[in-house]
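Read the structure below first, then the notes.
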Amino acid sequence: MSEPSIYQVYEEAERRLRERAIGYTVRHAEYRDLDSVIGINEVSLPEHYPRSFYEELLEDYGKAFYVAVSPRGEVVGYIMNRIETKPGFFKHWLVRSGHVVSIAVLSEHRGRGLGYVLMAYAMKTMYEDYKCGETYLEVRVSNKPAISLYEKLGYRVVKTERNYYLDGEDAYVMARRLP
Ligand SMILES: CC(C)(COP(=O)(O)OP(=O)(O)OC[C@H]1O[C@@H](n2cnc3c(N)ncnc32)[C@H](O)[C@@H]1OP(=O)(O)O)[C@@H](O)C(=O)NCCC(=O)NCCS
């Protein structure tokens, strides 16, 4: 099965936002959002980072750092990324690759398409603004919702990293070409 283009993904994201996440918006993150972003990370994922890490990603790759905002104006989800130059998964030479560092949506706001929309916006930015030819991420092998989301977006498992997480769980590395 061939992967959907980022433009197909983006169109589908706009549809999901319109139909399933009525009143929600997705916009670029700003410094004033970082407390909320860190709070969402803390309750949603076992992997935490110092504040300086969030600040660096916002400073350096802010165009690919998005937040989802509820109809009441609360930040309820985020995605942050890093742009790297590395050997490609699909080409043997160095490529620019958009690394999805972290994504989470607060549990009460899941299942409305926000995870999909955050990913779609980030993928479009990786290609259009940062000229990435690929994108990749790591995901716990047990994280079925996230794996299903990434597959829907055209990512495929390209390798397994044994003992990747501090608690010993393996990670799938998933990647796709852009656009
Ligand atoms: C992964 C996560 C960001 C998805 O956010 P979300 O807003 O609920 O996702 P969406 O509503 O956009 O769902 C998109 C797709 O993800 C998959 N998905 C989402 N929730 C799922 C669930 N509970 N079970 C199985 N698949 C699920 C489905 O394929 C879904 O597509 P569909 O709407 O066509 O069924 C969210 O579950 C989360 O924050 N999890 C905790 C943090 C985390 O695990 N982050 C990823 C680390 S790699």
Give the calculated FRET efficiency between GLU19 and LYS144 to the nearest 0.05, with a Förster radius of 30 Å applied to their Cβ-Cβ distance. 0.80
Hey, got a sec? Which chymotrypsin sites (Phe, Trp or Tyr not before Pro) in the range 78-124 land in a DSSP loop and have at most 15 other Cβ atoms within 10 Å? PHE90, TRP93
Expressed to two decimals, the chain has a Cα Rg over Rh, using the Kirkwood radius, of 0.94
Given a 10 angstrom Cα cut-off, can you work out which residue in ASP129, ASP167, ASP60 is the most mobile in a GNM of the chain? ASP167
The chain: most fluctuating residue of ARG27, ARG72, ARG140 per GNM, C-alpha cutoff 10 Å: ARG72
Taking the chain as a Gaussian network, where each spring joins two C-alpha atoms under 10 Å apart, which residue of GLU169, GLU138, GLU12 fluctuates the most? GLU169
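Taken together, the values in this text are just the output of simple stated rules run on the coordinates, not laboratory data. Everything numeric here is computed off the predicted structure, so don't read it as measured data. Cβ: placed from backbone, ideal geometry, glycine included. Neighbour counts: every protein chain shown.
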